[in-house]
Amino acid sequence: MGYGRSDSYRVATTQENKDVKEKPKAKGADLEELKKEVPLTEHKMSIEEVCQKHNTDIVQGLTNAKAAEFLIRDGPNALTPPPTTPEWVKFCRQLFGGFSVLLWIGAILCFLAYAIQAATEDEPAGDNLYLGIVLSAVVIITGCFSYFQEAKSSKIMESFKNMVPQQALVIREGEKLQINAEEVVAGDLVEVKGGDRIPADLRVVSAHGCKVDNSSLTGESEPQNRSPECTNDNPLETRNIAFFSTNCVEGTARGIVISTGDRTTMGRIATLASGLDTGKTPIAKEIEHFIHIITGVAVFLGISFFILSIVLGYSWLEAVIFLIGIIVANVPEGLLATVTVCLTLTAKRMAKKNCLVKNLEAVETLGSTSTICSDKTGTLTQNRMTVAHMWFDNQIHEADTTEDQSGASFDKSSETWVALARVAALCNRASFKANQESLPILKRDVAGDASESALLKCIELSCGGVKAMREKNKKVAEIPFNSTNKYQLSVHETEDENDNRYLLVMKGAPERILDRSTTIMVQGKEQPMDEELKEAFQNAYLELGGLGERVLGFCHALLPEDQFPKGFAFDCDDVNFPTENLCFLGLMSMIDPPRAAVPDAVGKCRSAGIKVIMVTGDHPITAKAIAKGVGIISEGNETVEDIAARLNIPVSQVNPRDAKACVIHGSDLKDLSQDQMDDLLKNHTEIVFARTSPQQKLIIVEGCQRLGAIVAVTGDGVNDSPALKKADIGVAMGISGSDVSKQAADMILLDDNFASIVTGVEEGRLIFDNLKKSIAYTLTSNIPEITPFLFFIIVNIPLPLGTITILCIDLGTDMVPAISLAYEIAESDIMKRQPRNPARDKLVNERLISIAYGQIGMIQALGGFFAYFVIMAENGFLPSRLVGIRLYWDDRSNNDLEDSYGQQWTYEQRKIVEFTCHTAFFVSIVVVQWADVIVCKTRRNSVFQQGMRNKILIFGLFEETALAAFLSYCPGMDVALRMYPLKPSWWFCAFPYSFLIFVYDEIRKLILRRHPGGWVEKETYY
Amino acid sequence: MAKEDDERKPKSAPWTEFFWNPRTHEVMGRTASSWGLIILFYLVFYTFLAGMFVLTMYVMLCTIDEYKPTYQDRLAIPGLMIRPKGELMEIIYNIEDTESWDKYIQKLDNFLAPYNDSVQAQKNDVCTPDSFFYQEDSGEVRNNPKRSCQFNRTMLGSCSGLGSESDVRTYGYGTGQPCIFIKLNRVIGMLPGKGQAPYVSCGPKNQDTDKIGELEYFPTNGSYNFMYYPFYGIRAQVNYSQPLVAVKFTNITYNTDVNVECKIISDTITEYSERDKFAGRVSFRLRINKNI
């Protein structure tokens, strides 16, 4: 399996490192450069300067010749895809990564030992050669398996890619041309209209009601106006720049291309993301640690017995062969496959729950996660403006914002509401796109501005029939919204045919609407607007604004019939009708509401000890409101500002330690030193970062990692991708996510639901626990596999267990039970405990080795040896005769070896007995492994508490037994694998030891439960 | 088994602290008492395991018969073996080079010493030839020690190594007519034939047909007399003398490898194992060099 992430970058750089010594420095500097903010200056220049800079003309555009020249100079206007790793490199990474290295070293040692034997002996035993071949085969097969597994997920990835080529409308030599977006060059004059994708970074030269959706770049959920004026020094916030790959929502604009391809803002972020070096996954680190332990044990054993065999008088060569043999015997051949299968199973299980894991190792990462940095827009929220509150009849009403309309409803009977709804429906240019009648209202596509569509949907939901209403109230005049008026107005016929008055409806910025109103409708009655009501309005406005919502005011007026008779010509340019002294109806406020499942999911994360940080490009007020809404800032927790407001003191006098929560603005973040940043992250449990740039998101993630946290980042926009990449696990959104973010992520939420992360955490934690059990189970049988060889060397008995039988255990009978432990259910509520501390809670620790090797493994070895001695004794070789017999036993020319009874044996005859012993030892290991797998089901609980509901495990028990019986009794096995049929009584030799294992471990766990924190827990709880 | 604290230690600690940490008085990450406890635990644990193992072994050994092994199914066809054994079943020497065959003489002298007539007469009985010498136990009462029949060295004739002529005394090695002794592996209770006594028949292997020359067998016919069977195991039949057959190569071709295979011909041992080249037969290489 690949212990590097499957991002393609790393290999590319390492190759470069080797090739050119200078390059890494340059690359490093590049990255640092990219981490800085965007160095755009065009927004501050005048249009003429921009034209001059790019050699273009404001009317004619570029000449074709120049365009061609620039195209050659700059290359096509497309993002360089991250250098894709060649398939063979990916394959090799699977073959030589992490755990496989251990097996490869084992295989090489085997071949080495065989070479030594072949050089020194006439008839070398083939064992080492076979073992080497099998080890290589295991690595290659598992490598192929995980390679195809990951190839499968990357295929799903590819299906996300949008293959439709983009078109762009450019003006060259004064003519409008529709060209492929890739051919756009800097200096081109480009026209965009609503629905287009911006083909490159544009400096806007003229715009008509143009709005762009920057959410994938900045995280702002509302479309932004574009106009030729420079409104902000920050290029991301100024209005006269439109960014590559954002969408133009409505209106038209014309602009000069200022940069293309990778030099665009979006391109820089994408390059930054693909240029980031990601660390190892936590599981890769754990496996590395495990390899260290195993290698340590192997080398220790090997060296000790090397010295011992020299002391015992073996030759140097023999001792070296023993050394290699012992080291290789310590390699758990089957574990690589087991771990891979366990991770794959979990990955599949997660994919079913809508978490697609791009690389296997990331499966566990969510389980170790201690901090989640979540983007707001689209992840926590629905990325859709929705009417959240209304204020009418001097009261704030709550609208239903849930996705499935399960929330609270409000009183719709008030006449004020009817009037308000009518205004909202009529003074609204948004409309449903055609042929969507079958879809639920909230899912329908709307043409128009986000807030207008919010109103449209709200009215359609609560009153219905907006279309009919509009037909009945024909529009006769309209003044669209503009930034000087800050209102929108239209005049309609009334639906009452007898009433020939015209209805004037208006919506806009609340204070402007209020200024134009003299009366206010309360409970359907018009009342004069007095100070008291004005104050009520102010309070409501402030309260809704404080919730981070965008507030609109509504008013109407019925124009007197005598002045405006039917057929009156309304002139919207030179307004010939009153736009003041209207009747105020109420306020409606909109927000991009949180997804329904998010608050619950955040709560679960919190109880699982995971810190959830919001990192968004949106405004602090909105961010804070959503944070409060979803529980990222929990009820009762205050920020410094809240405390200051409550106590009525300046912010500077509040002790920052008193505030658990904080909202940090991107511009403040810029000025923080690293220490301050650490301090901030350490001392606040609930943090919201607002107005952050992509680079700052990256800094936040790095800050968390510096404090030792394992960080998950969720996000959907391009602006999130550097952070996604840097995070220990990046989680992208499958539906709304941009391609760049999906590329950078390790995991994709297919349903865009933050709650799926909780599933991921749960599965990740479970697989970590279960991998421990699986490894404990697999490692245990290492001891009964090694000890026979050790005794063979020290006391010179015939070999009790051969290489083939060892492989039959590791790659045969142990497999299914070990894998079945991955299906084990959790022992306690894993979502109620703290995330593991990567420094302390290791996958494989000394205690696990102590239990597996020192205790259970030893009992198993005794069971095996007992079976061995039984068979030898029953065939005539009593234990006393066996000790020291090895040299004669293995001498091919000695065909009259005497047993304890004086019978004489040929080489072949006694070898059959020896191989029968191997078979019996093998069967005994299967028998003791029955108990071991039951014991390994739990780490703390008793089996009687846990139950035997794991059907795969029960199947595994039967399967290993059947396999053992098959290997022993199948005709032909004596020739094929040198395994011989056992007499039935020999199956029972290991039973007492199997029983002992069960009883011993149950007692151990009982003490463990009775004395938490006691000696037994300290020494044996793994 | 290192305690957790050692992982919490700052990374800057020198690695020697792993072996001796002066601040916490830890040796290899454990304090003395911690080491004491864990060693004590393992001591007790392994003592218990050893006890359990000894117990099960004791129970098992109690079920084992002292005089006859529980299973003999792997010994259905007794093996054949030669003396002198040589290296890898090869007997190679040079007639002129005394030292090259002297080692065989030494080995054979030692091998045949227990068969000296005086020794046999002292320890063993004279039995009735051509019939099995049964000495069964009567129920629980053991009929021990069991007697054995004499196999006298003199029965081996010119291969007995007894005599003054150098030809006989050197078992024919000095004259290029070597004797090879063939014995049938001992198997408790085995009866090697029914009516006809089993005998050894040697012949050339591969293409060595004409090189082998004539053969002479001792005792006559090269047979194993029934009176030496059945064998009751060395515990019951302490002085058992394993019967021998000597084969003398009287006319072997010199200076070439001669591959010989000897088989036991018996009416009970009829099939030979494909895999086991020494069950019921034995093959060896003979090469006698002579300077021309």
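Values quoted throughout were computed directly from the atomic coordinates according to the rules given, and no laboratory measurement underlies them. Model, not experiment: these values are computed from the prediction. Methodologically, a virtual Cβ is constructed for each residue, glycine included, from the backbone with ideal geometry; neighbour enumeration extends over all protein chains shown.
Okay, here's what the table says:
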item: Cα-only Debye scattering, region B:80-289: base-10 log of I(q)/I(0) at q = 0.10, 0.16 Å⁻¹; result: -0.45, -1.08
item: Approximate shape of region A:414-522 as ellipsoid semi-axes (Cα gyration tensor, √5λ), whole Å, largest first; result: 23, 18, 14
item: Between 0 and 90°, nearest 10: helix A:87-96 axis offset from chain A longest Cα axis; result: 50
item: Distance histogram in 10 Å bins (all Cα pairs of region A:796-912, percent per bin); result: 10, 28, 25, 17, 11, 7, 2
item: Highest-MSF residue in chain B out of B:Gly157, B:Gly36, B:Gly51 [GNM, Cα springs under 10 Å]; result: B:Gly36
item: Efficiency of FRET between A:Ala976 and A:Thr84 - r from beta-carbon atoms, R0 41 angstrom, step 0.05; result: 0.35
item: Cα-based helix-to-principal-axis angle, A:265-275 vs chain A, degrees rounded to 10; result: 10
item: Span per principal axis, largest first, for the Cα atoms of region A:386-591 (Å); result: 48, 45, 33
item: Exercise: per-residue mean of other protein chain Cβ atoms within 10 Å, B:274-285; result: 3
item: Between 0 and 90°, nearest 10: helix A:620-630 axis offset from chain A longest Cα axis; result: 50
item: Modelled FRET efficiency - R0 35 Å, A:Phe995 with B:Thr128, Cβ distances, 0.05 increments; result: 0.05
item: Cβ-based exposure ranking for A:Ile58, B:Ile95, in which fewest neighbours within 10 Å come first; result: A:Ile58, B:Ile95
item: Ascending count of other beta-carbon atoms within 10 Å, so fewest first, for A:Thr252, B:Thr16, A:Thr264; result: B:Thr16, A:Thr252, A:Thr264
item: Distance (nanometres) between label positions extended 7 Å along Cα→Cβ at B:Asn251 and B:Lys103; result: 3.2
item: Over chain B: helical MRE at 222 nm, DSSP H runs n ≥ 4 each giving -39500 (n - 2.57), nearest 500; result: -6500 deg cm²/dmol
item: Helical mean residue ellipticity (222 nm; -39500 (n - 2.57) per DSSP H run of 4+; nearest 500) of chain A; result: -14500 deg cm²/dmol
item: Packing-based exposure ordering (other Cβ within 10 Å, fewest first) of A:Ser721, A:Ser985, B:Ser201; result: A:Ser985, B:Ser201, A:Ser721
item: Violating pairs (Cα-Cα greater than 19 angstrom) within the set A:Lys443/A:Lys742; A:Lys353/A:Lys604; A:Lys433/A:Lys467; A:Lys280/A:Lys726; result: A:Lys443/A:Lys742
item: Relative packing of A:843-855, A:464-476, which averages over residues the other C-beta atoms within 10 Å, highest first; result: A:843-855, A:464-476
item: Length added when fully stretched, B:Ser201-B:Ile92, from 0.36 nm per residue minus Cα-Cα; result: 37.1 nm
item: Values of log10 I(q)/I(0), in the order q = 0.21, 0.23, 0.25, 0.26 Å⁻¹, for region A:87-159 under a Debye, Cα-only, solvent-free model; result: -0.84, -0.93, -1.01, -1.05
item: Computed FRET value (nearest 0.05) for A:Leu112 with A:Cys92, which takes r as the C-beta separation and R₀ as 25 Å; result: 0.65
item: Residue mean of other protein chain beta carbons inside 10 Å, B:60-73; result: 5
item: Neighbouring partner chain Cβ atoms per residue of A:876-884, average, 10 Å criterion; result: 2
item: √(5λ) per eigenvalue of the Cα gyration tensor, the protein assembly as shown, largest first, Å; result: 93, 33, 26
item: Between region A:510-584 and region A:40-81, the Cα center-to-center distance that results, in Å; result: 48
item: Region B:91-195: GluC sites (Glu not before Pro) in DSSP coil with no more than 12 other Cβ atoms inside 10 Å; result: B:Glu96, B:Glu136, B:Glu140, B:Glu165
item: Eligible aspartates and glutamates near A:Lys472 by straight Cα distance, threshold 15 Å, same-chain separation 8 or greater; result: A:Glu493, A:Glu495, A:Asp496, A:Glu497, A:Asp499
item: Candidate aspartates and glutamates - alpha carbon under 16 Å from A:Lys193, same-chain residues fewer than 8 apart omitted; result: A:Asp201, A:Asp213, A:Glu250, A:Asp449
item: Zone of A:Met948's modelled label, taken as backbone nitrogen in region A:989-1007 under 15 Å from a point 7 Å along Cα→Cβ; result: A:995, A:998-999
item: Approximate spin-label separation B:Glu140-A:Gln563, in nm, with each point projected 7 Å along Cα-to-Cβ; result: 13.4
item: Ordering of A:774-782, B:209-217, A:797-805 by packing [mean C-beta count within 10 Å, highest first]; result: A:774-782, A:797-805, B:209-217
